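The structure appears right after this line, and notes come after that.
No value in this document is a laboratory result; all are computed from the given coordinates. Since this is a predicted model, take the numbers as computed values, not measurements. Every residue, glycine as well, gets a Cβ built from its backbone with ideal geometry; the counts of neighbours run over all protein chains shown.
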Amino acid sequence: MVVIRGVTGGANVPGSRPARGAPGGFRVGGGAEETREASASTGVSAATAMGLLAVQELGPAKERNARAFRRGEDMLKELKALQLELLEGRADPARLKELARLTEGEKPADPGLAEAVAAIALRARLELARRGLES
């Protein structure tokens with residue numbers, strides 16, 4: 001026969017079971033009264049607390065992602081307009097200032113979006129550096 005050791009390291013002996021409902025033991029099918037009592041003694045459960053935190057974080061994260069997405073789109077529009085101006089032989093200083101402003105901003109919560117916005121900002125900074133401007 002194989003000896004099974006519990007969490008505390010004690011050996012389980014066949015035929016020796018703890019009394020039903022013994023303190024610290026496993027119980028199945030506790031009554032509603034016991035469930036309410038257990039909930040009241042622990043207060044807000046960890047799962048509920050984590051759920052509330054997730055809901056609170058969802059709003060700001062979603063808003064941060066939306067702002068970062070718009071900023072990325074605006075940088076792409078400014079880069080495209082700058083490209084067209086350069087092909088025409090001119091560059092609007094106001095556009096360069098706007099591009100420099102757009103390279104700075106908060107990081108989005110979505111890792112993929114953060115990577116894309118960072119790549120666009122890097123390209124914008126390169127264009128600004130070519131023209132002797134720092135962002």
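One table, with the values for the structure above:
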| read-out | value |
| --- | --- |
| Cβ crowding within 10 Å averaged over residues, with 87-98, 112-123 ranked highest first | 112-123, 87-98 |
| Cross-link partners of Lys97 among lysines (Cα-Cα below 24 Å; sequence separation of 8 or more within a chain) | Lys77, Lys80, Lys107 |
| Full-stretch length increase - Leu122, Asn65 - with 0.36 nm per residue and alpha-carbon distance subtracted | 18.7 nm |
| From phi via Karplus (6.51, -1.76, 1.60), per-residue ³J(HN,Hα) for the range 120-131 in Hz, x at Gly/Pro | 5, 5, 4, 4, 5, 5, 5, 5, 5, 5, 4, 9 |
| Rounded to whole Hz, the Karplus (6.51, -1.76, 1.60) HN-Hα couplings of the range 70-82, x for glycine and proline | 5, 5, x, 4, 5, 4, 5, 5, 5, 5, 5, 5, 4 |
| Residues with amide H under 5 Å from that of Ala109, placed H, sequence gap 5 or more | Asn65 |
| Net length gained if the chain between Ala81 and Asp110 were fully extended (0.36 nm per residue, minus Cα distance) | 7.7 nm |
| Per-residue HN-Hα couplings for the range 92-97 [Karplus 6.51, -1.76, 1.60; θ = phi - 60°; Hz; x = Gly/Pro] | 6, x, 5, 5, 5, 5 |
